[in-house]
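Shown next, in structure tokens, is the structure this report addresses.
Just so it is clear, none of the values below were taken in a lab; they were calculated from the coordinates. Only a predicted model underlies this, so the values are computations on that prediction, with no experimental measurement involved. No Cβ is skipped: glycine too gets one built from the backbone with ideal geometry, and neighbour counts run over all protein chains shown.
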Amino acid sequence: MSDNNSSSSQDIKALQSSILVLSEKIKYLVHNEKILSRNILILNKKVAAKADSTGNSAGFNSEQMQQILTEIKEIKSKIRNIESSLEIFSKRYAKAEELKEMKYIIDNINPLEYTTVSQVKTLIKENK
């Protein structure tokens, strides 16, 4: 019984570690997304200011502008993929509170020590 309990405890600790790693990666992605957003806003302001002063789209030709728009679409697509992955992770993995609750149940209630109805009936038949 203690092997199952320690195995379950190790599994829970492994899941907690995985969740913490994913959480840190998510924070890192969100941080990078914010930085990219700020950079895009700053670049947009610079492009607009230069376009106003020169009157020719800040010196970019249409091919360069098309390339920039394509890259922006790719970035948006990647962000959508990251968001969907995060949603899948949040649905697939247990939260820290849920893991604590499971640990409490395993440590205090220990469902592995209970018997099933069929096991009890078999024991009663054997004792008769």
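Give a residue-ordered list of calculated ³J(HN,Hα) values for the range 89-95 (Karplus: 6.51 cos²θ - 1.76 cosθ + 1.60, θ = phi - 60°; whole Hz; x for Gly, Pro).
4, 5, 7, 7, 9, 6, 7
Looking only at the range 29-47, which residues have a backbone nitrogen under 20 Å from a spot 7 Å from the Cα of R80 in the C-beta direction?
30, 33-34, 36-37
Run lengths n ≥ 4 of DSSP H only: what is the helix-derived mean residue ellipticity at 222 nm for the chain, with -39500 (n - 2.57) per run over all residues, to the nearest 500?
Values: 4 runs with 104 residues, N = 128.
Per the formula, -29000 deg cm²/dmol.
Ignoring chymotrypsin sites (Phe, Trp or Tyr not before Pro) that are buried or in helix or strand per DSSP, and keeping those with at most 16 other beta carbon atoms within 10 Å, what is the longest stretch of the chain between them?
Details: sites that count: F60, Y93, Y114.
Longest gap between qualifying sites, sites excluded: 1-59.
Which whole-Hz couplings ³J(HN,Hα) result when phi for each residue of the range 25-37 is put into the Karplus expression 6.51 cos²θ - 1.76 cosθ + 1.60, θ = phi - 60°, listed in order with x for Gly and Pro?
Working through the residues one at a time gives 5, 5, 4, 5, 5, 4, 4, 5, 4, 5, 4, 4, 4 Hz.
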